[in-house]
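Working notes, beginning with the structure itself.
The values are calculated or read from the model by the stated rules, or taken from the named source; none is laboratory data. All figures in this text were calculated on a predicted structure; none of them were measured in a lab. Glycine gets a Cβ as well: all are built from the backbone with ideal geometry, and neighbour counts include every protein chain shown. In case anyone asks, the SASA skips ligands and DNA or RNA and just uses the protein heavy atoms, side chains included. Shrake-Rupley method; radii C 1.70, N 1.55, O 1.52, S 1.80 Å.
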Amino acid sequence: MSTCKGCGKEIKWIRTIGGKKMPVDPEGVFVIACDGSERFVTDEGAVISGRSARLNEIHNQTPLAYVPHWKTCPKAANFRQKRR
């Protein structure tokens with residue numbers, strides 16, 4: 001675990017399948033995979049689209065994933081790089 005330089009909260013780093021390190025919130029969430037606009041990252045580095053599962057939707061096949069920290073960090077805009 002490490003700490004976000006912007007907001008000071010704990011973050012976890014996951015290497016994506018593409019080889020990049022992504023900061024995520026350390027608490028996992030169960031995800032209902034769908035065409036949702038939310039993105040989550042699994043421990044294996046796969047990025048999945050969906051939404052957070054409600055308690056009555058969780059079963060043994062519901063994947064556990066992590067929310068990218070830039071989604072919850074109040075200082076995320078300070079770290080965005082300008083595209084060329």
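Among all residue pairs at least 6 apart or on different chains, which show Cβ distances below 8 Å where the first residue, located in segment 56-84, is within 26 Å of Gly6 (Cα to Cα) and the second is modelled with pLDDT under 90 and open to solvent by less than 100 Å² (accessible area, probe 1.4 Å)?
Final answer for the pair search is His69/Ala76; Trp70/Ala76.
Would you list the strands (runs of 3 or more DSSP E) that sit entirely within segment 3-46 and hold 1 or more residues that are open to solvent by less than 80 Å² (accessible area, probe 1.4 Å) and at pLDDT below 95?
Result: 21-24, 29-41.
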